[in-house]
1. Can you tell me the relative contact order of the range 1-118? Whole percent, Cα pairs under 8 Å, sequence separation 6 or more.
2. Using only the C-alpha atoms of the chain, find the volume of their convex hull and express it per residue in Å³.
3. Which FRET efficiency, nearest 0.05, do ALA30 and ASP97 yield, Cβ-Cβ r, R0 25 Å?
4. Evaluate the charge dipole of the chain about its Cα centre and quote only its size in Debye, nearest 20, assuming +1 on the Cβ of each Lys and Arg and -1 on the Cβ of each Asp and Glu.
5. Quick check for you: with a 1.4 Å probe and neighbouring chains kept, what is the accessible area per residue of the chain, in Å²?
6. Could you work out what % of the accessible surface of the chain is carbon and sulfur, using a 1.4 angstrom probe and leaving DNA, RNA and ligands out of the count?
7. Within the chain, which DSSP H helices have Cα atoms that stretch 27 Å or more along the helix axis and a mean Kyte-Doolittle hydropathy of at least -0.5?
Amino acid sequence: SDLRGSTALYERVGDSVAFNLVREHFALLASIVRDHNGAVVKTIGDAAMLCFPSPADALAGLRELRQRYGRGTAALEIEALPLHAGMHHGEVVVGRDGDLYGADVNLAARLQGAAGDGELLASESVLAGLGDWQGERRELRLKNVPLPVLAGVVDW
């Protein structure tokens, strides 16, 4: 997941205020991820890599995050930055440092980058785990991914 526009927010409201938004976002994220059997693997700026045991757990957690995120920014009296995310289900390599590596990790990151403001893009492997999913599908050409990727825009 990622907050879009944080660099501009830091410039507009100052480092301290903008950092408070990011900090509160990560605190909320950590709580929700734990509640849905997941883990926060790492954060990078205002983005987070999350890991869940199933696509259903991931989607439930991300839906709760999206719902509760806007209320948190209102309490801080800061405009909500657009939240966007990418989801992929596959194999990973766990490094000694606990970080996740591999082509499937890279694909999830590329999907997140391709998601528009407020969107959650999910790969076909995620959609297959969600049952009879119906929705908008897109064929994407992603950086350093040799073949087109079919992804769905998931209601979250």
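The values are calculated or read from the model by the stated rules, or taken from the named source; none is laboratory data. Computed from a prediction, not measured in an experiment: that's the story for all the values here. Every residue, glycine as well, gets a Cβ built from its backbone with ideal geometry; the counts of neighbours run over all protein chains shown. When the accessible area is computed, the model is the full protein with side chains, heavy atoms only, and any ligands, DNA or RNA have been set aside. Shrake-Rupley method; radii C 1.70, N 1.55, O 1.52, S 1.80 Å.
1. Numbers: 143 pairs, mean separation 32.0, N = 118.
It comes to 27 percent, rounded to a whole number.
2. Convex hull volume per residue, Cα atoms: 116 Å³.
3. That gives a FRET efficiency of 0.85.
4. 120
5. For the chain, the per-residue accessible area is 54 Å².
6. Summing carbon and sulfur atoms, their accessible area is 51 percent of the total for the chain.
7. Those that clear 27 Å and a mean of -0.5 are 15-35.
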